[in-house]
Amino acid sequence: MKDDFIFGLRPVLEAIEAGKTIDKIFVQNALQGEIYAELKAILAKNKIRPNYVPVEKLNRFTRKNHQGVVAFISDVPFHRIENIIPELFEEGKTPFILILDRLTDVRNFGAICRTAECVGIHAVVIPEKGGAPVNSDAIKTSAGAMYNIKICKEPNLAHVVDFLQQSGISVFSATEKAQKLIYDVNFTEPCAIVMGNEETGISKEVLHHSDEKIKLPIEGKTQSLNVSVACGAILYEAMRQKITKI
């Protein structure tokens, strides 16, 4: 953890100005002052959305003089999905996107990114808030795959789904409530696959916007799989279809 965050108004300000990738930033409620005003302006300029929290939460990160600001940094740069999709079409590629809806376990996140990179996913989309941190643990679990795949942090995943659909990309949401099995849908066309939170699954809003709900067959008494395992099975079925088509 200590390697992944910095604290203090001036250090955080300088880190952003130096081009460091900010994964998450926590700001004390009702913080004031000239330096904070400067920090607030540069956050807005770089479209970085702070999480406003009570001082007690900041004190849990560090007992040192944080001055009301703690920022978690990442070695992995973030991208915007609206920039990636046009580039893929211009290059003649068939977009293959993965959306992770509020996945919280950093090791699941890292393992999924590793599989995603192996099967040729073009971008992994995660929410700005509520998701696992893009930190050294995630990078390590991914075996470095995060350096070779584009990570997109987006404020609203439902809007991402709408954008993808408007771009001609089908969106498949993995849920146990689905009727269709993963073997009954076509992954060979431009598509995105959505995986949900470990406990609550995919949000209702994202499910509502999706084109299809899909599931893995379960024959045993255990009615669910670890999200990383389930994601791997789905991604490799998609890859199988793509290879077979070729």
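Summary table
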{"read-out": "Residue pairs meeting the criteria (Cβ under 9 Å; at least 6 apart or on separate chains; first under 11 Å from V161 (Cβ atoms), in the range 199-227; second polar (S, T, N, Q) and crowded, with 19+ Cβ neighbours inside 10 Å)", "value": "I202/S173; I202/S210; V206/S173; L207/S173; H209/S173; S210/S173; D211/S173"}
{"read-out": "Checking A238 against (1) free of Cβ contacts under 8 Å to residues at least 60 places away in the same chain; (2) surrounded by 18 or more Cβ atoms within 10 Å (Cβ to Cβ), the condition it does not meet", "value": "(1)"}
{"read-out": "Residues that are closer than 24 Å to E82 by Cβ, hydroxyl-bearing (S, T, Y) and in a helix (DSSP H, G or I), drawn from the range 135-174", "value": "Y147"}
{"read-out": "Candidate set from the range 175-194 (those that are in a strand (DSSP E or B) and more than 19 Å from G120 (Cα to Cα)); member that is least open to solvent (accessible area, probe 1.4 Å)", "value": "L181"}
{"read-out": "Wholly within the range 33-115, helices (runs of 4 or more DSSP H) carrying at least 3 residues that are within 20 Å of I126 (Cα to Cα) and either within 16 Å of the chain's Cα centre (by Cα) or touching a residue at least 60 places away in the same chain (Cβ under 8 Å) (or both)", "value": "81-90"}
{"read-out": "Selection count where residues are surrounded by fewer than 22 Cβ atoms within 10 Å (Cβ to Cβ) and out of contact with any Ser or Thr (no Cβ under 8 Å at 6 or more places or on another chain), scope the range 104-121", "value": "5"}
{"read-out": "Residue check for A15: assigned to a loop (DSSP other than H, G, I, E, B) and touching a strand residue (DSSP E or B) at 6+ places or on another chain (Cβ under 9 Å)", "value": "no"}
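Here is a yes/no grid of residues against (1) modelled with pLDDT under 95; (2) crowded, with 18+ Cβ neighbours inside 10 Å; (3) out of contact with any Pro (no Cβ under 6 Å at 6 or more places or on another chain):
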| position | (1), (2), (3) |
| --- | --- |
| K47 | yes, no, yes |
| Y52 | no, no, yes |
| E56 | no, no, yes |
| V70 | no, yes, yes |
| N83 | no, no, yes |
| P86 | no, no, yes |
| F89 | no, no, yes |
| G92 | no, no, yes |
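The values are calculated or read from the model by the stated rules, or taken from the named source; none is laboratory data. All figures in this text were calculated on a predicted structure; none of them were measured in a lab. In this analysis, Cβ positions are derived from the backbone assuming ideal geometry, glycine residues included, and neighbour counts consider all displayed protein chains. Calculation scope for accessible area: heavy atoms of the full protein, side chains included, ligands and nucleic acids excluded. Shrake-Rupley method; radii C 1.70, N 1.55, O 1.52, S 1.80 Å.
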